[in-house]
Amino acid sequence: MEKEINAGYVITDRLAVGNAEFVIGHNEKASTQFVTWKCRKGEKDYFWGHYLGDRLAAVEDLCKRALEEIEYLRSLQPQRDSREKPEQQIKRRREPER
């Protein structure tokens, strides 16, 4: 598979949420070696770059941006009917075992 490069940064990671995609780019020679960008799913027009100094910060930013997109998409959904059964309303979130 061929490397994808944008503005001198090699795209190393990507995460799709709905019609949006978030990526991490890495450039060893840049003063800020990492960047996260947003783009429309399936397109290569990256925008809203967040430039970061280390990989861990870039991964954290990528996850935050993806979660913000999830929250936005959820806000667009109609509210659930309050007459639903309680077990349908509450979905328990389990923490991963470490």
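Each reported figure results from applying straightforward, stated rules to the coordinates on display, with no laboratory input. The structure presented is a predicted model; accordingly, all values stated were derived computationally and were not measured. Backbone-built Cβ (ideal geometry, glycine too); neighbour counts: all protein chains shown.
On a full-extension model of 0.36 nm per residue, what is the gain between Arg55 and Asn27, subtracting their alpha-carbon distance, rounded to one decimal in nm?
Computed gain between Arg55 and Asn27 is 9.0 nm.
Could you list the GluC sites (Glu not before Pro) in segment 1-57 that lie in coil according to DSSP, counting only those with at most 12 other Cβ atoms within 10 Å of their Cβ?
Listed in order of number, the matching sites are Glu2, Glu28, Glu43.
May I ask you to evaluate 6.51 cos²θ - 1.76 cosθ + 1.60, the Karplus curve with θ = phi - 60°, for each residue of segment 20-26 and list the ³J(HN,Hα) values in order in whole Hz, giving x for glycine and proline?
Listing the rounded values in order: 9, 9, 10, 10, 10, x, 10 Hz.
Ordered by residue, what ³J(HN,Hα) values in Hz, to whole numbers, does segment 10-19 give under the Karplus form 6.51 cos²θ - 1.76 cosθ + 1.60, where θ = phi - 60° and Gly and Pro are x?
7, 6, 10, 9, 8, 9, 9, 9, x, 8
Based on Cβ point charges of +1 for Lys and Arg and -1 for Asp and Glu, what charge dipole magnitude is obtained for segment 5-89 about its Cα centre, in debye rounded to the nearest 20?
In debye, rounded to 20, segment 5-89 gives about 160.
Sort Lys44, Lys38, Lys3 so that the residue with the fewest other Cβ atoms within 10 Å of its own Cβ comes first and the one with the most comes last.
So the residues, fewest neighbours to most, are Lys3, Lys44, Lys38.
By the scheme Lys and Arg +1, Asp and Glu -1, what is the net charge of all other residues having a beta-carbon under 14 Å from that of Glu69?
Overall, the nearby charge balance is +3.
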